[in-house]
2 protein chains.
Amino acid sequence: MEPEPDLRQVPEWSVTEMKARAASAQEIAASVRGQAERARAAARLLARAGSAEKNRALEGMAKALEARTADILAANRRDLERHGISLSEAARDRLRLEDKGVRAMAAALREVAVLPDPVGEVTRMWRRPNGLEVGRVRIPLGVIAMIYESRPDVTAGAAGLCLKSGNAVLLRGGSEAFESNRAIAGCLQEALRASGLPEAAVQTLERGEREAVDALLKLEGLVDVVIPRGGENLIRSVLEKSRIPVLRHAKGVCHVYVDDTADLDMAESICMNAKVQRPGVCNAMETMLVDRAIAPRFLPRMLRRFAEAGVELRGCEETRKYLGTAKPATEEDWGAEYLDKILAVRVVGGLEAAIEHIARYGSAHTEAIVTRDHARARRFLREVDSSVVLVNASTRFNDGGQLGLGAEIGISTSKIHAFGPMGLEELTTTKFIVYGNGQVRE
Amino acid sequence: MEPEPDLRQVPEWSVTEMKARAASAQEIAASVRGQAERARAAARLLARAGSAEKNRALEGMAKALEARTADILAANRRDLERHGISLSEAARDRLRLEDKGVRAMAAALREVAVLPDPVGEVTRMWRRPNGLEVGRVRIPLGVIAMIYESRPDVTAGAAGLCLKSGNAVLLRGGSEAFESNRAIAGCLQEALRASGLPEAAVQTLERGEREAVDALLKLEGLVDVVIPRGGENLIRSVLEKSRIPVLRHAKGVCHVYVDDTADLDMAESICMNAKVQRPGVCNAMETMLVDRAIAPRFLPRMLRRFAEAGVELRGCEETRKYLGTAKPATEEDWGAEYLDKILAVRVVGGLEAAIEHIARYGSAHTEAIVTRDHARARRFLREVDSSVVLVNASTRFNDGGQLGLGAEIGISTSKIHAFGPMGLEELTTTKFIVYGNGQVRE
């Protein structure tokens, strides 16, 4: 609870207002704390729940979403009516739900149900010289706070992953999706109740004010980890305010390096896919690096193809020799996350220069090399310090589903706790268990 | 870099002083940033260093410490002369170094040299339906900042573990150990130079001011993780100021629960060991819980033995029936970390009540059960949410060396990244590597 503000410090006229505001801030903090306490209690029960029980709840959630599709879509229309005008077209698209969106949420929950349950796995066990048997066993993290922006499907997706990994979750979506998220969470809670699991395992924050998030981020001891998902501003703000560990996802400035031994058809297909298939996502290529020795053969065809696909090109001086219409790249272009059909292109003096460029301007997200040279492939894999490093494949594969983790709750670009896509396993930790027969320490 | 203070906001007379202070704060920040940048560059080289190279450096460090023992002890005497008077006896003991202390540091470095190198281990590899081969490979965290108090042996120990796991380290020990730490770090750097590894891989902060730590804790992007080691105040202050992920070690309020099926001799030996063998450390027992059904047979002999050993007892009402000289325990005693020969004792109604007590008052550090009942042992292991949970063994085994991790750099009581003792493996993370032959995403 926040201390009362010191009323002697403010001029007389604003005391009433300050009292009102302070009371309301306290109310908000109390409401958030209450929810977190209920989440904590739910997490203890959930940690002991069996896989079959959790899977039944996931199936129940999927069914409830399907059965109440009309209510969810009606809530979504209310959100769109209230906030649609103030949103960009892209944001409105992310907010809008249709029949097939609800069906996709239900399908995603069923997919999580068939994934293996990470909780209880003994990852290793060994015996000590004094006879102690020591093991490490996977346990849930506890209470997870998810703070995200527009897309209401995150509500169901995150809840499903948290439930399967035995965690309670506090969800705080964008205010523009308030009604949609509440309707979805209502379905999920209904299914929890029906399957005998604690309803408080999935909660949306009851208070929509910004102060509610601030209060949430102070609840160390009740909340174990915060996962922000959204734009740079959201993530920065959470990082600055949180006293709770944050699993952060910074920007994705992804590179493809085309080596002079590359199969040029393969390089072209990988670079096109990495840039054009879905330019607005974090694992899309933002800078293409090309070895000088191959540039005369590769760049003319590649740049023409990008130009035909409507990609705006920003090249170094050497690149622009091959396509005069390319804009000159500035220092800001190296390191830019366009999330758009824009590409920075640079000719480099070989593998070493490519690795240096990535170390200097990259964001440790995803980098790929296209090469036929075994030693260079190995060196790139070893020396590039990114969460996913690929040889002869598109950067677009940095995704939990694509890499075989099942589903993902986000991609971590910090090395703490998890680095890269985070699936069910990354929502757990391990504790040590020790079996003895009376051992004491000498 | 901090922005210049807004000089219009302060009265005229202090402008000069503020300018001077701001300049100095900037100087300190620049010095710390320079060290962190050198550490970052060193970390990149270290990540690629082979095990043999790192082990040679560790052996060189051990030899340098032995060869320059006299210099280190002289530096330590200067620290003691300068700060000894203002320190408690315990703190002076922690600061004081003797011949055998330096020999122990050298021996610890040699022990780290023989531990397996975690870097480069492929922890798993699998094939996707599209032919991609996906693996997870261990890599160093990068740059680690260690912030600790008096004991100068932490300087060598932490540096050894960080080096072996391929990390650069910035060390900031207590100001009272400044000269000792500098002398030790000098030996370590000499050995790095001699073995061709970057000297900047091990650095003590050049600036001793408190502002140096504040500046360090803002260097996200240069420093990957902060590990504070010391009292509650140090850790709280680091947690509040840091924008960098912190591997935190909160207090250890450890419990032993004596079940009514316990072998009473074993219970007595485990409880004595857990409380008395070394009361000042985080894995010592602070509260003993005893099942009501066994209390009449167990408590009289156990409490007498504790009293004989000079342990101050603070019991619940029921406990005090068995030893009238025990003080009554207050609500503050449950949850207290005494770090001393003091013990809280409570009679409980069985396993369920013991688990509830631990969930409410414990610190998720270390708990043990003494029992002969298989089902209860399993339930305690499963339901107690602590970093180390033991059956029929002393809490004092929560220690990286004792559990077989080799050496430890600390014990994490947060579930993020690591939970429990942190050895070499916990100073690494994994990245994904992907081998393809032209795969793109549909």
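Taking the Cα centre of region B:254-403 as origin and assigning +1 to Lys and Arg Cβ atoms and -1 to Asp and Glu Cβ atoms, the resulting dipole is close to 360 debye.
Between helix A:51-67 and chain A there is an angle of about 80 degrees, using the helix long axis and the longest principal axis of the Cα atoms. Applying both filters, DSSP loop and at most 12 other Cβ atoms within 10 Å, to the GluC sites (Glu not before Pro) of region B:315-364 gives B:331, B:332. In terms of surrounding Cβ atoms within a 10 Å radius of their Cβ, B:218, B:415 rank from fewest to most as B:218, B:415.
Taking a Cβ cut-off of under 11 Å around residue B:400, the surrounding Lys, Arg, Asp and Glu residues balance to a net charge of -4, with basic ones at +1 and acidic ones at -1.
When the Gaussian network model of chain B links Cα atoms closer than 10 Å, the mean-square fluctuations of B:169, B:223, B:114 top out at B:114. Of A:247, A:115, the sequence from fewest to most neighbouring Cβ atoms within 10 angstrom is A:115, A:247. Gain on full extension, evaluated as 0.36 nm per residue between residue B:92 and residue B:127 minus their Cα-Cα distance, stands at 6.8 nm.
Taking amide hydrogens as placed 1.01 Å from N in the peptide plane, the amide H of residue A:430 sits under 5 Å from those of A:139, B:419, each at least 5 positions away in sequence or on another chain. The packing ranking, built from the mean of other Cβ atoms within 10 Å per residue, places the peptides B:131-144, B:290-303 in the order B:131-144, B:290-303, highest first. Counting Cβ atoms of other protein chains within 10 Å of each residue's Cβ and taking the mean over peptide A:407-420 gives 4. Spin-label pair residue B:330-residue B:292: with each label point 7 Å from Cα along the Cα-Cβ axis, the two points sit 2.7 nm from one another.
With K and R counted +1 and D and E -1, the other residues having a Cβ less than 14 Å from that of residue B:84 yield a net charge of 0.
Please check: in the Gaussian network model of chain B (C-alpha springs, under 10 Å), which one of B:333, B:385, B:373 has the largest mean-square fluctuation. Fluctuation is largest for B:373. The aspartates and glutamates whose alpha-carbon is closer than 19 Å to the alpha-carbon of residue B:327, local same-chain residues fewer than 8 away aside, are B:286, B:308, B:312, B:317, B:318, B:337, B:340.
Cross-link check: pairs B:251/B:415; A:431/B:275; A:100/A:415; A:431/B:218 evaluated at a Cα-Cα cut-off of 25 Å; pairs beyond the cut-off: A:100/A:415; A:431/B:218. A Förster radius of 22 Å combined with the Cβ-Cβ distance from residue B:206 to residue B:243 puts the calculated FRET efficiency at roughly 0.55. Going by neighbour counts of Cβ atoms within 10 Å, the residues A:417, A:83 line up, fewest first, as A:83, A:417. Considering only A:129, A:198, A:421, the mean-square fluctuation computed in a Gaussian network model of chain A, springs between alpha carbons under 10 angstrom, is largest for A:129. Straight-line cross-link reach from residue A:63 at under 16 Å between alpha-carbon atoms covers these aspartates and glutamates, not counting any fewer than eight positions away in the same chain: A:53, A:71, A:99, A:111, A:153, A:190.
Approximating the spin labels as points 7 Å out from Cα along Cα→Cβ, the residue B:356-to-residue A:342 distance works out to 6.1 nm.
For every helix of n ≥ 4 consecutive DSSP H residues, a contribution of -39,500 (n - 2.57) applies; sum these over chain A, divide by its total residues, and give [θ] at 222 nm rounded to the nearest 500 deg cm²/dmol.
So the calculated ellipticity at 222 nm is -14000 deg cm²/dmol.
Mean partner shielding of peptide A:268-278, defined as the number of other chain Cβ atoms within 10 Å of each residue Cβ, is 2. Provide a whole-number value for the mean count of partner chain Cβ atoms within 10 Å of the Cβ atoms in peptide B:133-140. Neighbouring Cβ atoms belonging to other protein chains average 3 per residue here. Rounded to the nearest 10 degrees, what's the angle between the helix A:351-361 long axis and the longest principal axis of chain A, both from Cα atoms, 0 to 90? Here the helix axis deviates by roughly 40 degrees. Axis angle, to the nearest 10 degrees, between helix B:99-114 and the longest C-alpha principal axis of chain B: 80 degrees.
Applying 1/(1 + (r/R0)^6) with R0 = 22 Å to the Cβ-Cβ distance of residue A:71 and residue A:110 gives a FRET efficiency near 0.60. Of the GluC sites (Glu not before Pro) found in region B:58-109, those that fall in a DSSP loop while having at most 12 other beta-carbon atoms within 10 Å are B:98.
A simple charge model with +1 on the Cβ of Lys and Arg, -1 on the Cβ of Asp and Glu and nothing else charged puts the dipole of the protein assembly as shown at about 1440 debye relative to its Cα centre.
Shown is the FRET efficiency for residue A:309 and residue A:81, computed with R0 = 56 Å from the Cβ-Cβ distance and rounded to the nearest 0.05: 0.95.
Each value in this text was obtained by applying a stated rule to the coordinates, not by laboratory testing. In this text the structure is predicted, and so the values were computed from the model without any measurement. No Cβ is skipped: glycine too gets one built from the backbone with ideal geometry, and neighbour counts run over all protein chains shown.
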